[in-house]
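Report on the structure given below.
Every read-out reported here was derived from the displayed coordinates using simple, explicitly stated rules and does not represent laboratory data. What you see is a predicted model; the values in this text were computed from it and never measured. Quick reminder, even Gly has a Cβ in these numbers, built from the backbone with ideal geometry, and neighbours come from all protein chains shown.
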Amino acid sequence: MNAQKLENTYLNNVGDIQFDPKIDDPEFKICNPDTSFQYYNFSKGFQYTGEKYQIQKEWNEKYPAIISKLKETGYITVRFLVNCDGKTGLFRIQEMDKNYIKISFSQDFVNTILKFIKELDGWVINEYNGQKVDYFQYLTFKIENGVVKEILP
């Protein structure tokens, strides 16, 4: 089923991401629209090959010197769905300062982070009862004075 067909009035579970035709890729495949999992529902924990270490390593290799021109401090969290093929979509961004109050980072900086996440290709394909399933994942970028200091969780 493609993502565009998921326009429901009510979501199945709290935290589900509903397709938004203004920002989501209509070709992104959602395998099980009636069942949602979170990355922590699986025994392996973090759902990326090489785990958090590998993501941080890839960031440092691709963007070793990227600095937000505005020198902001805070967090950028990107939540998204990993489908049954290990592909990602339905990206949602939340930006906040070090006191967890909503702010806006420079758009170029946010776009660089989103581009990086979209390029990650080591997401684990998970199964439940012998069937490949979709799951929600998030990455939070901890930023100090415009520099990514850590990628969480």
The exposure ranking of Ser36, Ser104, fewest beta-carbon neighbours within 10 Å first, is Ser104, Ser36
Which entries of Lys29/Lys149; Lys102/Lys149; Lys62/Lys98; Lys57/Lys98; Lys71/Lys132; Lys29/Lys98 have Cα-Cα distances beyond 30 Å here?
Lys29/Lys149; Lys71/Lys132; Lys29/Lys98
Note, ³J(HN,Hα) from phi for region 76-83, Karplus 6.51, -1.76, 1.60, rounded to Hz, x at Gly and Pro:
10, 10, 10, 10, 7, 10, 9, 8
With θ taken as phi - 60° and the coefficients 6.51, -1.76 and 1.60, list the Karplus ³J(HN,Hα) couplings across region 123-140 in order, rounded to whole Hz; mark glycine and proline as x.
5, 6, 8, 10, 10, 9, 6, x, 10, 5, 10, 8, 8, 8, 9, 9, 10, 10
Output wanted: per-residue J couplings in Hz (rounded whole) for region 106-119, from phi through Karplus 6.51 cos²θ - 1.76 cosθ + 1.60, θ = phi - 60°, x for Gly and Pro.
4, 4, 4, 5, 4, 5, 5, 5, 5, 4, 4, 5, 5, 7
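Can you work out the FRET efficiency for the pair Asp108 and Lys132, with r the C-beta to C-beta distance and R0 = 30 Å, to the nearest 0.05? Before the final figure, lay out the partial values.
Working: r = 36 Å, r/R0 = 1.20.
The formula returns an efficiency of 0.25 here.
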